[in-house]
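Input: a single structure, listed below in structure tokens.
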Amino acid sequence: MYAGHRELLADPDVDAVVVVTQRSQTAAIVADALRAGKHVLSEKPMALSTVDARALVQLARERGLVYAVGYMKRHDRGIGVARDRIAQWCGDGAAGAMLLVRRR
């Protein structure tokens, strides 16, 4: 048992961690893990700002580590069906003309 995440990250027998914590703490703990040389899987959102998110990606790249964010619905059958249906509607015009697309 570890007293906290820093103690866990100091353990040389730990190669990778899964970060599941309060959203406001995710980016800081992921950064600590990457600085400690650990591969990381975290929940979404990976950070509360794009600046912090980019910094985590850069940190992982600089250290040659794997950092992944889990998206539980990415491979869900229903999501695939919806994506295909939307593509069909857009392709055959059944949904009408697309007026606005906003990417966040």
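The values are calculated or read from the model by the stated rules, or taken from the named source; none is laboratory data. Computed from a prediction, not measured in an experiment: that's the story for all the values here. In case anyone asks, the SASA skips ligands and DNA or RNA and just uses the protein heavy atoms, side chains included. Shrake-Rupley method; radii C 1.70, N 1.55, O 1.52, S 1.80 Å.
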| field | Accessible carbon and sulfur surface of the range 16-104 relative to its total accessible area, %, 1.4 Å | value | 54 percent
| Per the Cauchy relation, a quarter of the hull surface: what is the mean projected area of the convex hull of the alpha carbons in the range 1-87, in nm²? | 7.3 nm²
| note | Tilt, helix 77-92 to longest principal axis of the chain (alpha-carbon atoms), in degrees rounded to tens, equals 40 degrees
| field | Nearest-ten-degree value, helix 23-35 long axis tilted from longest Cα axis of the chain | value | 60 degrees
| query | For the chain, what is the mean residue ellipticity at 222 nm derived from helices alone (per DSSP H run of n ≥ 4: -39500 (n - 2.57); sum divided by total residues; nearest 500 deg cm²/dmol)? | reply | -14500 deg cm²/dmol
| task | Report, to the nearest 10°, how far helix 50-63 tilts away from the longest principal axis of the Cα atoms in the chain, using its own Cα long axis and a range of 0 to 90°. | result | 60 degrees
